[in-house]
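Notes follow the structure.
None of the figures in this text is laboratory data; all of them are computed from the coordinates on show. Here the structure is a predicted model, which is why all the values come from computation and not from measurement. We place every Cβ from the backbone using ideal geometry, glycine too, and count neighbours over all the protein chains shown.
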Amino acid sequence: MLEAGFPMGGEPLAALDLVDTLMTAVQPPRDVIEDRQKAERWWALEAGRLPDGPRPEDAAAQRLRAALRDLFDSHLEEREPQAASIADVNAFAASVPTSAQLSVTPTGPEAAVRWHTEHGGNAILAAIAREAIGLLADPEQRVKLRRCANPSCSMLFLAENKRRIWCSSAGCGNRARAARHYHKARAEKGGES
């Protein structure tokens, strides 16, 4: 995603990428998909891992994003989430039921998920909400949820490596290394005088 001009790093869950589209560590907060053209590009980049269906309405996506941010932040801050956030995520997840489908292909039977959008709801937002529920309900995955160590960054990520502290090594990680090098070089130069 960095190559496409978005500050987030393409996390394994679309739910984290959606939350990271609102940069909260800057004032005022910056919505990187506020612009219609950028939003279209962002949803297109996420399409490969989400169910088919119409692009979510902006207001619905923003509402889910706010609920997810509260749930993820509450976990990281060890506080209770807002009841409305839990209700919203559950409502989005339940808005489109699914069923297992079996098909026979030349390579053998394959299972698929069918999203039932006949009665309303958005399959894309339902899938994102279900990802978040799966993350928060799984203790092994939940402990991997982190916030970038850069105080001017609000990005969240899953740390597969316990030592990972930056949202991306190419972004915040490089800036931190450059800053350390700069301060070290200044200290050494100051010590020579």
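Things to note:
- Distance in nm between pseudo-label sites at Q37 and A60 (7 Å out along the Cβ direction from Cα): 2.6 nm
- Distance between the modelled labels on N174 and L158, one decimal in nanometres: 2.6 nm (7 Å Cα→Cβ projection).
- Extension gain for the segment E78 to T105, taken as residue separation times 0.36 nm less the Cα-Cα distance, is 5.0 nm to one decimal.
- Estimated FRET transfer efficiency (H116, A44; beta-carbon r; R0 22 Å; 0.05): 0.35
- Cα centroid separation - the stretch 10-34 against the stretch 100-129, whole Å: 27 Å
- Relative packing of peptides 135-143, 19-27 - highest average C-beta neighbours within 10 Å first: 19-27, 135-143
- Per-pair calculated FRET efficiency, R0 = 25 Å: A94 and T24 via Cβ, rounded to 0.05: 0.35
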